[in-house]
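J.: One structure is given below, represented as structure tokens, and several questions about it will come after.
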Amino acid sequence: MPIDFSLNGSQHSIDAPSDMPLLWAIRDIVGLTGTKYGCGAGLCGACTVHVDGKAERSCMVSMGEVAGKSVTTIEGLHPEGEHPVQRAWRELNVPQCGFCQTGQIMQAASLVAEKPNITDAEILEGMRGNVCRCGCYQRIVAAVRHAATGI
Amino acid sequence: MLSYLPDHLLPGAREAARRVLIAAVDRRSVLKGGIAAFALGLFTRPSGAFESYPTGGLQMPRGIVADPLVFVSIDPDGTVTIVAHRSEMGQGSRTSLPMVLADELDADWSRVRILQAPGDEPRYGNQDTDGSRSLRHHIQPMRQMGAAVREMLRRAAAKSWGVEPAAVTVEFHTLKGPDGQSADFGELAEAAMAELVPSFEDLTFKDEAAFRYIGKGEVQITDLHDITTGKAIYGADVRLNGMKVAVIARPPVLGGKVKSYDASETLAVPGVERVIEIAGAPAPVNFLPLGGIAVVATNTWAAERGRERLKIEWDDGPHASYESAAYRAEMEEASKAPDKIFRDQGDVPGAFAAASTIFERSYYQAHMAHIPMEPPVAIASVTTDGCEIWTSVQSPYGAREDVAKDLALPIEQVKVNVTLLGGGFGRKSKWDFAIEAARLSKAVNAPVRVQWTREDDIHNSFMHTTSVERLRVAMDDAGKVTGWHHTSVAPSILSTFAPDNGHQFFIENGMGHVDAPWDVANIRCDNAPALAHARIGWFRSVSNVPRAWAVQSFIAELAHELGRDHKEMLLELIGPPRTIDVATAGMPEDFWNYGEPYAEYPIDTGRLAHVVEVAADAAGWGATLPEGEGLGLAVHRSFVTYVAVAARVRIVDGQIRVPEMHFAVDCGFAANPERIRSQMEGSAVMGMTLALNSGITFADGRVQQSNFHDYDVARADNFPEKVEVHIVPHPFSVHASGIGEPGVPPVAPAMGNAIFAATGRRLRDLPLGTNV
């Protein structure tokens, strides 16, 4: 039976098994590839999207669970890619290979929205689930701070 | 969606138009001015602004192509298209090399477009993006091509205006004549492309002071916007009509085979279409697939679920008893009886016989896996026309050659398109996954994406070797080191490519073993055999990781033993500024200097000592630190670059934290300081990970780790919090050297030395663990 949910502001009706992870429905069925596969076990954060505005690992959320909900991927974060977190990422030259960065940005966007007066300790804790093998953490942390506080 | 590769997918009017222009050109002058000039090294022109020098790039397979007609085209609207022929995996060469060309051309970077080359080395020259070679081999050809196109534009303008070429100046995408004439590059593009390519002798080069982009570090990476908006295309992101997805159950033990299997439950999974056995390769396996059972499905989830339901009985083969602790004990025993001497300077047995004191320590490093964030992935489409591949590989032409051979196709019928790499670290210079995709596409007669899961990536990696490094010094009455003896034992990368005799080979020996730069009269570097029981490959920095770990820990231990300051002891061992004379140093005949001509890239102890001083000063060496903190130092030359690291460690409730790390980097001329800094920041994190976390262990021939929960990495809540990078400034005449890899090796020993300073505990095994 098709599963109805909202993706980046438009209604989708997807014929997928209810236990299929949201990640693979987004990538393989809808065809949006900004959400990345990194571990398939909720351990790296590369597949982070927003479900009803909150950061979730799309590899750990089943299609059955998103029925009737609203999902935002990196492609829908801002129409022109000008979300403050995306701008901060560019201003601080965060990425190296870039593969994990869409997940990092989605995590950071959710974090900054939740905690407008975020502390450094909260940034470190909030971003610890997102692995960057290139090792861009110094700039990631600075960019989250910049997006949240302008500093 | 395919913003990254449109010209490869849709060869359209633009390519056709360009071919017409190229066809009008006498190509002999290109050969004369480009490749031949490089090969002969005729660079004695007194220009002062640009004096060329030979690099190892000429010896790489298919060498260097410096033909501007291959790399540059200009549209009538003035857009300059520059080909990026190296793979981008975060090091920045996709931006930095075109940036060098654009600067020398005096182009406006905002009007430059970058086109990624497919694997075609006869056309582009060597594309193997490995060994920290992109900038150091290609910075000069890029300048040469930029200067050549600038000269062609100048000549075209001169003809068009009826003036002498010397009267035409080029300034920021604009040509100016003596009488107020002015033209944009675009207006003269067609005429310029019809000019002969000038020979090297006819080129003029920018004065370094006139560089607009080179050396500034102000150009952002070309994919920055696409990366931050999810539009950047990596290996798994190319979508073809009718494409299937495959995951493969590979043998858990190297050399293992499928004895029997039952796929009935797999085929019952909705979406699963086919189950196909893939043949494994006999040893040595090279880059061939390991074999196994492939599950081909309409989507990734179905393929994964199908694989879970396979019932496979494996014949584990000859490596089924590989066990890490037992193997370590074997290596330690072997290290006491080295049987192959690689370097022998002076009289080492005599020095030890005459020694008043002998100091000896042994260091260990476990296997490691690369785990790039993007696990291996490849897409293949085999049709009656041939095979087209899209994948994230470091060496697309190598992949193309092997795919052609595997499918028995002429190489012209195979195309390998390179996407962005979601990290590489050496794993993606092995293209077994591309061959898997090609075989499966052929078998199912449809495009196939082979997706490695993270578990596959860890279980079936090309493992970084495991090693025991035994170090001994002989000292006289005054505590002066008179003899240096370094025995290295590690299964060799060569075992993946040739029958295994257990000995390491010249490339491994050149990485922190025989290239010991010490001011010691008697030096011996030798080896004892260790047969490989895993598929051994290279990981970022390769053998430099265990060697720097051992040597730089050892010197700190020696200093402590003698009651000396570590930095002073290190500088004393480095000795006076000089270049090591390989002719008198007892070096092996096959001494490997990262493939570079030694005269151009010698081991320079002055530069080595200088980075030690810079890092130590920046970190405040000698200052008294609070309780629970320590400062550690290490230095290492690799990829012909000198890097020293001073790490400050703080122990918080037993956990090892790194509040500060200083890198001093001497990489010759710094073409893109911003990406040099980012590579060092990344090296700090990867270095910390391999110091604390990265241990792959085997039992019953099988890798024991499977995902980030048991093979973890440094994360945002514990990483080198403040990394400062101090780049030693040099003019262009000091040859650019590697950056992608040389930052990693000194990190772990600097941390180990800092942990000792903080706690008094000396750790000798990598990984150290996250707590002390």
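The values are calculated or read from the model by the stated rules, or taken from the named source; none is laboratory data. What you are looking at is a predicted structure, and each value in this text was computed from that prediction instead of being measured. Methodologically, a virtual Cβ is constructed for each residue, glycine included, from the backbone with ideal geometry; neighbour enumeration extends over all protein chains shown. The protein model used for the area step is the full one, side chains on, heavy atoms only, and it has no ligands, DNA or RNA in it. Shrake-Rupley method; radii C 1.70, N 1.55, O 1.52, S 1.80 Å.
J.: Checking residue B:294 against (1) assigned to a helix (DSSP H, G or I); (2) under 26 Å from residue B:451 (Cβ atoms); (3) not charged (D, E, K, R), which test does it fail?
T.: Just one mismatch for residue B:294, condition (1).
J.: Select from the range B:688-702 the residues that are outside any helix (DSSP H, G or I), open to solvent by less than 10 Å² (accessible area, probe 1.4 Å) and within 13 Å of chain A (Cβ to nearest Cβ) and list them in ascending order.
T.: Filtering the range B:688-702 down to residues outside any helix (DSSP H, G or I) leaves B:693-702.
Among the residues that remain, those that are also open to solvent by less than 10 Å² (accessible area, probe 1.4 Å) are: B:694, B:696, B:701.
Hit for the range B:688-702 is B:694, nothing else.
J.: Can you find even one residue in the range B:370-380 that is of a type in the set (Gly, Ala, Ser), away from chain A (no Cβ under 14 Å), more than 30 Å from residue B:690 (Cβ to Cβ) and crowded, with 24+ Cβ neighbours inside 10 Å?
T.: For the range B:370-380, residues of a type in the set (Gly, Ala, Ser), away from chain A (no Cβ under 14 Å), more than 30 Å from residue B:690 (Cβ to Cβ) and crowded, with 24+ Cβ neighbours inside 10 Å: present.
J.: Quickly run through the range B:715-732 and pick out the residues that are more than 7 Å from chain A (Cβ to nearest Cβ) and either under 30 Å from residue B:250 (Cβ atoms) or not in a loop (DSSP other than H, G, I, E, B) (or both).
T.: B:718, B:722, B:724, B:725, B:726, B:727
J.: So which residues in the range B:165-194 are without any contact (Cβ under 8 Å) to a residue 60 or more places away in the chain and open to solvent by less than 60 Å² (accessible area, probe 1.4 Å)?
T.: Listed by number, the residues that qualify are B:165, B:167, B:168, B:174, B:175, B:177, B:181, B:183, B:188, B:191.
J.: Further, regarding this structure: For residues that are among the β-branched types (Val, Ile, Thr) and free of Cβ contacts under 8 Å to residues at least 40 places away in the same chain, scanning just the range B:267-311, find the one that is farthest from the other protein chains (Cβ to nearest Cβ).
T.: B:275
J.: Okay, moving on. Tell me the residue from B:240, B:254, B:267 that is buried (at least 23 other Cβ atoms within 10 Å of the Cβ) and of a type in the set (A, V, I, L, M), please.
T.: Being buried (at least 23 other Cβ atoms within 10 Å of the Cβ) and of a type in the set (A, V, I, L, M) holds for just one of B:240, B:254, B:267, which is B:254.
J.: For residue A:1, indicate whether it is within 16 Å of the chain's Cα centre (by Cα), away from chain B (no Cβ under 12 Å) and assigned to a loop (DSSP other than H, G, I, E, B).
T.: Spelling it out, it is not the case that residue A:1 is within 16 Å of the chain's Cα centre (by Cα), away from chain B (no Cβ under 12 Å) and assigned to a loop (DSSP other than H, G, I, E, B).
J.: Cβ-Cβ below 6 Å, separation at least six or inter-chain, first residue in the range A:128-151 and closer than 16 Å to residue A:48 by Cα, second open to solvent by 30 Å² or more (accessible area, probe 1.4 Å): which pairs?
T.: From residues that are closer than 16 Å to residue A:48 by Cα, the pairs are A:128/B:717.
J.: Check whether at least one residue in the range B:332-351 is within 14 Å of another protein chain (Cβ to nearest Cβ) and aliphatic (A, V, I, L, M), and report yes or no.
T.: Checked the range B:332-351: no residue is within 14 Å of another protein chain (Cβ to nearest Cβ) and aliphatic (A, V, I, L, M).
J.: Still on this model: Inspect all residues belonging to the range B:386-397 and state whether any of them is part of a strand (DSSP E or B), buried (at least 19 other Cβ atoms within 10 Å of the Cβ) and of a type in the set (Ser, Thr, Tyr).
T.: Yes - at least one qualifying residue is present in the range B:386-397.
J.: Continuing with the same structure: Among the residues of the range A:129-151, which ones are β-branched (Val, Ile, Thr) and either part of a helix (DSSP H, G or I) or open to solvent by 10 Å² or more (accessible area, probe 1.4 Å) (or both)? Don't jump to the end; show me each part of the working.
T.: Step one: filter the range A:129-151 for residues β-branched (Val, Ile, Thr), giving A:131, A:140-141, A:144, A:149, A:151.
Listed by number, the residues that qualify are A:140, A:141, A:144, A:149, A:151.
J.: Related question: Counting only residues that are touching a Gly at 6+ places or on another chain (Cβ under 6 Å) and over 26 Å from residue B:600 (Cα atoms), how many does the range B:57-89 have?
T.: Going through the range B:57-89, the residues touching a Gly at 6+ places or on another chain (Cβ under 6 Å) turn out to be B:62-67, B:76-78, B:89.
Those still in the list that are over 26 Å from residue B:600 (Cα atoms) too: B:76-78, B:89.
Total meeting the criteria: 4.
J.: So which residues in the range B:173-200 are outside any loop (DSSP other than H, G, I, E, B) and of a type in the set (A, V, I, L, M), if there are any at all? Give the steps one after another, and end with the answer.
T.: To start, the set of residues in the range B:173-200 that are outside any loop (DSSP other than H, G, I, E, B) comprises B:174-176, B:182-193, B:200.
Across the range B:173-200, the qualifying residues are B:175, B:183, B:188, B:189, B:191, B:192, B:193.
J.: Any idea which residue in the range B:227-237 is farthest from the other protein chains (Cβ to nearest Cβ), counting only those that are open to solvent by less than 10 Å² (accessible area, probe 1.4 Å) and part of a loop (DSSP other than H, G, I, E, B)?
T.: B:233
J.: Got a number for residues in the range B:454-470 being in contact with a helix residue (DSSP H, G or I) (Cβ under 7 Å, 6 or more places away or on another chain) and closer than 29 Å to residue B:301 by Cβ?
T.: Of the residues in the range B:454-470, 2 are in contact with a helix residue (DSSP H, G or I) (Cβ under 7 Å, 6 or more places away or on another chain) and closer than 29 Å to residue B:301 by Cβ.
J.: So residue B:520 fits all but one of (1) in contact (Cβ under 8 Å) with a residue 60 or more places away in the chain; (2) assigned to a loop (DSSP other than H, G, I, E, B); (3) touching a helix residue (DSSP H, G or I) at 6+ places or on another chain (Cβ under 8 Å); what number is the exception?
T.: Condition not satisfied by residue B:520: (1).
J.: Among the candidates B:608, B:570, single out the residue that is within 21 Å of residue B:620 (Cα to Cα) and within 23 Å of the chain's Cα centre (by Cα).
T.: Going through B:608, B:570 in turn, just one is within 21 Å of residue B:620 (Cα to Cα) and within 23 Å of the chain's Cα centre (by Cα): B:608.
J.: Got a number for residues in the range A:102-113 being more than 9 Å from the chain's Cα centre (by Cα) and without any contact (Cβ under 8 Å) to a residue 40 or more places away in the chain?
T.: Residues in the range A:102-113 being more than 9 Å from the chain's Cα centre (by Cα) and without any contact (Cβ under 8 Å) to a residue 40 or more places away in the chain: 1 in total.
J.: Please work out which residue is least open to solvent (accessible area, probe 1.4 Å), limiting yourself to the range B:474-503 and to residues that are free of Cβ contacts under 8 Å to residues at least 40 places away in the same chain and closer than 26 Å to residue B:130 by Cβ. Break it down into steps so the answer makes sense when it comes.
T.: Looking only at the range B:474-503, we keep the residues that are free of Cβ contacts under 8 Å to residues at least 40 places away in the same chain, and these are B:478, B:480, B:494, B:501-502.
Now drop any that are not closer than 26 Å to residue B:130 by Cβ, which leaves B:494, B:501-502.
Values: B:494: 63, B:501: 95, B:502: 0 Å².
If we take residues in the range B:474-503 being free of Cβ contacts under 8 Å to residues at least 40 places away in the same chain and closer than 26 Å to residue B:130 by Cβ, then B:502 is least open to solvent (accessible area, probe 1.4 Å).
J.: In the range B:210-226, what residues are within 9 Å of another protein chain (Cβ to nearest Cβ) and touching a strand residue (DSSP E or B) at 6+ places or on another chain (Cβ under 8 Å)?
T.: B:223
J.: Separate question: Looking at residue B:455, is it of a type in the set (Asp, Glu) and open to solvent by less than 10 Å² (accessible area, probe 1.4 Å)?
T.: No: the conditions fail for residue B:455.
J.: Quick one: is residue B:98 in contact (Cβ under 8 Å) with a residue 60 or more places away in the chain and open to solvent by 30 Å² or more (accessible area, probe 1.4 Å)?
T.: The answer is no for residue B:98.
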